[in-house]
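Novice: My questions will all concern the structure given below.
The values are calculated or read from the model by the stated rules, or taken from the named source; none is laboratory data. These numbers were taken from a predicted model, which means no experiment stands behind them. As a convention, Cβ positions derive from the backbone with ideal geometry for all residues, glycine included, and neighbour counts pool all protein chains shown.
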């Protein structure tokens, strides 16, 4: 489903974010990316969203070379992916409800569907009462949960989650991981980048370990080892 | 398609309402731009009025021999009126001319009585649209079959003055056009810059919208709607400012330009002026938005 083929990303001669990285992800897989800060986890996710272009190599999504897709067609790729960003990337001028609804609006979902699904997903992330609030009025953890709600509301094929539990207390962090697991069980591919050792060790799923832009370990039932 | 359009319009309207300070600043700048354009529209009326006033003072007179009969002169008038270059021909009868002369120089009463009606002061006053057309008219008169009835034309006497007046009015016209163009460009740039600033504040938001999978039109649309709404409100505000402004200024303008009623001109062209204002407002809003947002959609 997703294939990274000899991917390198060099920002300047001294900054090598990724160095000759190759791996594949099958449909319905739950893959964790682990590594120290600056190991290249976020860059990998940015490349998959076509937010960045690789210096070398090719990335395939459903057998399609992502970086050969025309700019006008990129939205169609991005609609298949739900992304949770480290810095949330919520739309500041929209309320929590509108932020989540936006992901459905861009795929031309019907109004009834939006009215039905958004409150449901707000309920799942435990923020039903905060639907009228703007991002600036939410705590870091609440923003994180709104970002997660936005990423999953349109039932994408893949969810990319970059440190989704980074700003959450253990209770909410466990809830989010449980949510990602159940979404995965329903058939959505999950790519989780995290520092959270406890989460990784409990998951018992595939773990790809990155160090200095290189894959140093790729295990089917991996553990957090750095 | 219709659903997307509805969402784009709703999103544009909601953002317009929520942006508060920026919305007010954008409308304020656009009001200045539209006001400037409206002033130019009224200014060109004043310029045209002044120019026609000045040009109306220019004419060429044909004086006839004392033996010429009034019916001959009226026949000549008809022939001259047919010349394409001629704007108007006025016949001043002998009596009328003498009356005018005496009004101006009452001391000539005695001298005129001595002529005992022998002196023929009847004339034709010819007006042309352009300075160079007077030469053509003079040329026609020199070769005309009725030239033996003509005592003299004052064209060559007045040639220099005529040319001077027309060159001044043409300079006024050209300067007005150039100044208007410069002001239009400045006004557009100021409005464009304000909208560009507003959109550059949304740079991060546009980037996020792209990452979530929004198409370029879905991102661009609400900004265009905001441009349209801002332009419409700016046009409306400008109109509401100009109605009382022109109403109170019009009598004062009439002191400087007798015969010019700016308010009746404004009222007579009310819908045209409002249409121009709306088109400028919406045009500036939409064009500026399209140009300003293009840069961020290419990211």
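Novice: Looking at the stretch A:195-212, which of its residues are at pLDDT 90 or above and surrounded by 21 or more Cβ atoms within 10 Å (Cβ to Cβ)?
Specialist: A:207, A:208, A:209, A:210
Novice: Another one. Looking at the stretch B:173-204, which of the residues that are assigned to a helix (DSSP H, G or I) and surrounded by 19 or more Cβ atoms within 10 Å (Cβ to Cβ) is farthest from the other protein chains (Cβ to nearest Cβ)?
Specialist: Across the stretch B:173-204, the extreme among qualifying residues is B:187.
Novice: Specify the residue that is modelled with the lowest pLDDT; the eligible residues are those in the stretch B:255-273 that are assigned to a helix (DSSP H, G or I) and under 11 Å from residue B:46 (Cβ atoms).
Specialist: B:256
Novice: Tally the residues that are touching a residue at least 12 places away in the same chain (Cβ under 8 Å) and either within 28 Å of residue A:77 (Cα to Cα) or assigned to a helix (DSSP H, G or I) (or both), restricting the search to the stretch A:107-130.
Specialist: Number of matching residues: 11.
Novice: If I go through the stretch B:205-214 residue by residue, how many of them are touching a strand residue (DSSP E or B) at 6+ places or on another chain (Cβ under 9 Å) and in a helix (DSSP H, G or I)?
Specialist: The total comes to 2.
Novice: Restricting attention to the stretch B:33-70, report how many residues are part of a helix (DSSP H, G or I), without any contact (Cβ under 8 Å) to a residue 12 or more places away in the chain and over 30 Å from residue B:230 (Cα atoms).
Specialist: 2
Novice: Looking only at the stretch A:85-92, decide whether some residue is more than 10 Å from chain B (Cβ to nearest Cβ), over 23 Å from residue A:191 (Cα atoms) and out of contact with any strand residue (DSSP E or B) (no Cβ under 6 Å at 6 or more places or on another chain).
Specialist: Checked the stretch A:85-92: no residue is more than 10 Å from chain B (Cβ to nearest Cβ), over 23 Å from residue A:191 (Cα atoms) and out of contact with any strand residue (DSSP E or B) (no Cβ under 6 Å at 6 or more places or on another chain).
Novice: Then there's this: Please note which strands (runs of 3 or more DSSP E) are completely contained in the stretch A:157-223 and include at least 3 residues that are touching a strand residue (DSSP E or B) at 6+ places or on another chain (Cβ under 8 Å), over 19 Å from residue A:1 (Cα atoms) and in the same structural domain as residue A:43 (by TED's automatic domain parsing).
Specialist: So the answer is A:206-211, A:214-219.
Novice: Given the structure, is residue A:60 over 17 Å from residue A:78 (Cα atoms) and surrounded by fewer than 18 Cβ atoms within 10 Å (Cβ to Cβ)? I'd like the intermediate steps shown before the answer.
Specialist: On the way: over 17 Å from residue A:78 (Cα atoms): no; surrounded by fewer than 18 Cβ atoms within 10 Å (Cβ to Cβ): yes.
When the stated conditions are applied, residue A:60 does not pass them.
Novice: For the stretch B:8-28, how many residues meet the condition of being touching a residue at least 40 places away in the same chain (Cβ under 8 Å), closer than 17 Å to residue B:221 by Cβ and within 12 Å of another protein chain (Cβ to nearest Cβ)?
Specialist: Result for the stretch B:8-28: 6.
Novice: Still on this structure: For the stretch A:23-30, indicate whether the set of residues that are in contact with a helix residue (DSSP H, G or I) (Cβ under 8 Å, 6 or more places away or on another chain) and under 25 Å from residue B:208 (Cβ atoms) is non-empty.
Specialist: No - not one qualifying residue is present in the stretch A:23-30.
Novice: So, in the stretch A:51-80, of the ones that are within 13 Å of another protein chain (Cβ to nearest Cβ), in contact (Cβ under 8 Å) with a residue 24 or more places away in the chain and touching a helix residue (DSSP H, G or I) at 6+ places or on another chain (Cβ under 7 Å), which residue ends up farthest from residue A:160 (Cα to Cα)?
Specialist: Checked the stretch A:51-80; the qualifying residue farthest from residue A:160 (Cα to Cα) is A:52.
Novice: Could you please find all residues in the stretch B:264-299 being surrounded by 14 or more Cβ atoms within 10 Å (Cβ to Cβ) and either within 14 Å of chain A (Cβ to nearest Cβ) or at positive phi (or both)?
Specialist: Those that are surrounded by 14 or more Cβ atoms within 10 Å (Cβ to Cβ) and either within 14 Å of chain A (Cβ to nearest Cβ) or at positive phi (or both): B:296, B:297.
Novice: Residues being under 19 Å from the mean Cα position of the chain (by Cα) and either outside any strand (DSSP E or B) or within 19 Å of residue B:296 (Cβ to Cβ) (or both): count how many of those fall in the stretch A:59-82.
Specialist: Initially, the stretch A:59-82 is screened for residues under 19 Å from the mean Cα position of the chain (by Cα), giving A:59-62, A:66-67, A:74-82.
From what's left, either outside any strand (DSSP E or B) or within 19 Å of residue B:296 (Cβ to Cβ) (or both): A:62, A:66-67, A:74-80.
Qualifying residue count, the stretch A:59-82: 10.
Novice: Same structure again: When the residues of the stretch B:152-169 are narrowed to those that are part of a helix (DSSP H, G or I) and out of contact with any helix residue (DSSP H, G or I) (no Cβ under 8 Å at 6 or more places or on another chain), which ends up farthest from the other protein chains (Cβ to nearest Cβ)?
Specialist: Checked the stretch B:152-169; the qualifying residue farthest from the other protein chains (Cβ to nearest Cβ) is B:157.
Novice: Of all residues in the stretch B:71-86, which are in contact with a strand residue (DSSP E or B) (Cβ under 7 Å, 6 or more places away or on another chain) and either in a loop (DSSP other than H, G, I, E, B) or exposed (fewer than 15 other Cβ atoms within 10 Å of the Cβ) (or both)?
Specialist: B:74, B:81, B:85
Novice: So, in the stretch A:25-49, exactly how many residues are under 16 Å from residue A:180 (Cβ atoms) and part of a strand (DSSP E or B)?
Specialist: Adding up the residues that qualify gives 6.
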